[in-house]
Amino acid sequence: MNMSSQIEKTQAQLLKHHGGNGYQASLMIANSYDVRHDHAFWQFWDETVACHYQSGDGVLDLGAGIGQFVRDCANRYPESSVYGIDAATYMVNDAVILPDNATILLDDLNSPQAAIPANSLGMVMANNMVHELTQPIKMFKATYQWLKPGGRFCIIDPIRQPLQQQFDKAYSQKQLWGDETSVEALENAFEYFLEHNRYHAEDLIYLLESAGFKVADNSTLLKGKFIRLVVEK
Ligand SMILES: C[S@@+](CC[C@H](N)C(=O)[O-])C[C@H]1O[C@@H](n2cnc3c(N)ncnc32)[C@H](O)[C@@H]1O
């Protein structure tokens with residue numbers, strides 16, 4: 001498949017994953033950004049991800065959405081080139097105003113092509129995006145290549161939960177079991193479950209170790225619904 005049809009295929013999948021409403025999806029991540037990046041988050045970042053960072057190392061946010069994390073890293077690390085990558089035009093075209101040392105690149109992380117020099121990055125983030133990829137192997141390989149030895153990669157992503165936990169939170173008994181519930185509504189509910197419950201923590205660790213990384217830190221967030229891994233090249 002050529003590169004333009006590859007990214008178009010991913011864009012169509014993403015729009016479906018985002019419920020057919022790209023603007024609404026961008027609002028959701030924009031509105032939850034400050035809560036997810038509070039004082040405790042930045043303390044974790046400084047101590048566990050930025051611990052080997054040296055002034056001038058590049059920084060990359062994979063699945064950068066509208067670029068809030070790219071903007072904040074560019075302000076924190078003014079000597080660094082800070083990149084964000086996203087495939088959705090409704091995210092990239094709606095990006096926040098960025099400092100001069102920041103760039104958002106349109107690229108498909110199912111098959112990354114971005115021209116980032118090997119061994120040039122000190123830190124990489126993939127926040128809430130690995131589960132959206134059709135497969136993460138090409139992205140993990142590219143990240144390994146782009147990171148310098150000792151560079152750190154932070155992955156935050158939903159991990160598998162029992163079906164009941166998700167259904168009890170999202171739907172009433174009637175919405176699932178009522179006679180008037182459509183097959184389409186049920187298909188959407190089960191598809192949403194599968195898309196957000198793809199990996200166990202061990203699956204992600206297995207893939208990252210296979211790519212060559214060593215696990216430096218491993219914790220869970222939101223009562224075990226998310227894993228937060230830090231791995232090192
Ligand atoms: C749930 S959002 C998270 C955004 C941001 N990381 C945050 O935490 O606010 C996932 C992002 O990953 C992007 N994404 C998903 N699959 C992608 C792919 N194959 N290539 C590039 N970006 C992708 C989506 O467009 C979306 O902006």
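Throughout, read-outs are computed from the coordinates displayed, never taken from laboratory work. As the structure is a computational prediction, the values presented were derived from the model and not from experiment. Reconstructed Cβ throughout: ideal geometry from the backbone, glycine too, with neighbour counts over all protein chains shown.
With a threshold of 29 Å on the Cα-Cα distance, the over-threshold entries among Lys141/Lys169; Lys16/Lys174; Lys138/Lys214; Lys9/Lys141; Lys138/Lys225; Lys16/Lys141 are Lys141/Lys169. Residues whose amide H lies under 5 Å from that of Leu105, counting only those 5 or more places away or on a different chain, are Gly84, Ile85, Asp86; hydrogens are built 1.01 Å from N in the peptide plane.
Counting Cα-Cα pairs of the range 118-212 in 5 Å increments starting at 0 gives whole-percent bin shares of 2, 11, 19, 18, 13, 10, 9, 7, 5, 3, 2, 0.
Once backbone amide H atoms are built at 1.01 Å from N, Leu121 has Gly58, Leu147, Lys148 as its partners under 5 Å, excluding neighbours fewer than 5 places away on the same chain.
Scanning residues 5 or more positions from Tyr199 or on other chains, those with amide H under 5 Å from its amide H are Arg160, with H placed 1.01 Å from N in the peptide plane.
When you filter the GluC sites (Glu not before Pro) in the range 93-189 for DSSP loop state and at most 12 other Cβ atoms inside 10 Å of their Cβ, you are left with Glu180. Dipole magnitude for the chain: computed about the Cα centre from +1 point charges on Lys and Arg Cβ and -1 point charges on Asp and Glu Cβ, it is near 400 debye.
The phi-based Karplus calculation (6.51 cos²θ - 1.76 cosθ + 1.60; θ = phi - 60°) puts the 3J(HN,Hα) values of the range 14-26 at 5, 4, 5, 4, 8, x, x, 10, x, 4, 4, 5, 5 Hz, whole numbers, x for Gly and Pro. Each of Tyr23, Tyr53 was scored by other Cβ atoms within 10 Å of its Cβ. Arranged with the fewest first, they read Tyr23, Tyr53.
Helix-only estimate, please: 222 nm mean residue ellipticity of the chain, summing -39500 (n - 2.57) across DSSP H runs of length 4 or more and dividing by its residues, to the nearest 500. For the chain, the value works out to -12000 deg cm²/dmol. Over all pairs of different C-alpha atoms in the chain, the reciprocal of the mean inverse distance, the Kirkwood hydrodynamic radius, equals 18.6 Å. Comparing Gln161, Leu147, Ala74 along the charge dipole axis of the chain, the residue lying farthest to the positive side is Leu147, per the Cβ-charge model.
Applying the criteria of a DSSP loop state and at most 11 other Cβ atoms within 10 Å to the trypsin sites (Lys or Arg not before Pro) of the range 126-231 yields Lys223.
Angle of helix 137-146 to the longest C-alpha principal axis of the chain, folded into 0 to 90 degrees and rounded to 10: 20°.
Measuring nothing but how far apart in sequence close Cα pairs (under 8 Å, 6+ apart) lie, relative to its length, the range 3-155 scores a relative contact order of 24 percent.
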